[in-house]
Amino acid sequence: MPDVPIVDAHVHLWDPAHCRLSWLDKNELLNKVYGPAEYAEHSKGLDMQGFVYVETGENPHFTLVEMRWAAARAAEDPKLKAIVAAAPLEAGSRLKSYLKELQAISPLIKGIRRITQGEKDANIVLDADFVKGAELLPDFGLSCDLCLRHDQLEPHIELVKRCPKTQFILDHIAKPNIKLHKLDPWRENIKKLAALPNVVCKVSGAVTEADMKAWRVEDLAPYVAHVIESFGADRVCFGSDWPVALLASSYKRWVETLDEMTKSMPLDARKKLWAENAKRVYRIA
């Protein structure tokens with residue numbers, strides 16, 4: 001286990017009886033309550049300093065309801081240090097009214113996420129209104145999580161270029177095809193993205209992109225090594241993607257796996273990976 005404190009940069013909490021999450025339908029493992037108590041049990045024994053709540057893909061009419069629910073969970077558990085909310089970046093300048101609503105809910109809302117992994121045409125992120133929405137975020141003190149597939153990287157790289165003042169955080173190392181051991185062109189595009197200074201990469205979501213029933217450390221290692229080398233010690237952070245990751249791994253198995261893959265890093269670099277970078281990028285005191 002890591003010999004340094006942990007801030008988990010990517011955690012989901014939900015109660016399917018409170019908000020509608022249609023993507024959980026027929027998923028027996030995930031379609032149940034996963035709240036602060038369950039998270040504490042799964043991460044028990046680790047030096048957990050805090051975690052970041054990331055929006056859960058609620059059905060659109062429930063997005064603000066979800067944020068109020070998340071803020072209430074923070075009142076229950078002080079380890080919930082920051083919240084990433086869903087937001088329709090494609091609203092362009094009209095996004096301002098929505099962001100004001102988010103700010104009124106809680107000062108813990110530190111960033112937004114507009115999931116694009118399901119878009120048929122990833123070039124939506126280069127539409128003028130989408131770019132304008134992303135450009136607005138620094139005015140509200142918000143960062144932007146990017147959740148996309150490996151084959152959608154090129155337009156997202158251009159989006160990051162067009163919004164140099166916006167802090168972007170890449171979720172799940174851009175979901176490479178680990179199951180089929182495909183490194184390219186993901187590997188080259190990660191280098192291009194990492195060359196831009198306004199983006200950080202979460203080392204998360206790898207286990208569910210591998211063979212979920214039979215993955216091994218050596219399957220994940222080339223991908224984890226590449227993002228750490230490309231982004232450097234100052235721009236990577238640990239994320240569990242709990243409870244989604246339970247489809248492929250227990251919480252502790254993923255932590256042990258990442259610890260094994262990074263144990264040769266200097267102590268200062270490990271501190272940054274496991275906690276300090278997440279604190280910085282999500283402005284956690």
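The values are calculated or read from the model by the stated rules, or taken from the named source; none is laboratory data. Keep in mind that what you see is a predicted model, and the values were worked out from it rather than measured. Because the Cβ atoms are built from the backbone with ideal geometry, glycine has one as well, and the counts that use them run over all protein chains shown.
Odds and ends about this structure:
- Residue within the range 82-95 that is modelled with pLDDT under 95 and polar (S, T, N, Q) present: no
- Set side by side, the residues 252, 182 differ, and just one is over 20 Å from residue 4 (Cα atoms), surrounded by fewer than 17 Cβ atoms within 10 Å (Cβ to Cβ) and at pLDDT 95 or above, which is 182.
- Any hit, the range 238-257, residues being over 27 Å from residue 31 (Cα atoms), within 19 Å of the chain's Cα centre (by Cα) and touching a residue at least 40 places away in the same chain (Cβ under 8 Å): no
- You will find that of 217, 207, 224, 244, the residue that is β-branched (Val, Ile, Thr) and touching a strand residue (DSSP E or B) at 6+ places or on another chain (Cβ under 8 Å) is 224 and no other.
- When the residues of the range 256-272 are filtered to those that are aliphatic (A, V, I, L, M), out of contact with any helix residue (DSSP H, G or I) (no Cβ under 6 Å at 6 or more places or on another chain) and not in a loop (DSSP other than H, G, I, E, B), the one that is surrounded by the fewest Cβ atoms within 10 Å (Cβ to Cβ) is 267.
- Test: residue in the range 120-132 that is closer than 30 Å to residue 183 by Cβ, without any contact (Cβ under 8 Å) to a residue 24 or more places away in the chain and more than 20 Å from the chain's Cα centre (by Cα): yes
- For the range 1-60, the set of residues classified as in a strand (DSSP E or B) and aliphatic (A, V, I, L, M) consists of 6, 7, 9, 11, 48, 52, 54, listed by residue number.
- Of the candidates 217, 227, 200, the single residue that is in contact with a helix residue (DSSP H, G or I) (Cβ under 8 Å, 6 or more places away or on another chain) and loosely packed, with under 14 Cβ neighbours inside 10 Å is 217.
- Pair list, Cβ < 9 Å and 6+ apart or interchain, from the range 23-49 residues that are touching a residue at least 24 places away in the same chain (Cβ under 8 Å) and loosely packed, with under 12 Cβ neighbours inside 10 Å to residues that are in a helix (DSSP H, G or I) and of a type in the set (A, V, I, L, M, F, W, C): 29/246; 29/247
- Selected residue (criterion: surrounded by the most Cβ atoms within 10 Å (Cβ to Cβ)) from residues of the range 120-178 that are acidic (Asp, Glu) and under 22 Å from residue 188 (Cα atoms): 145
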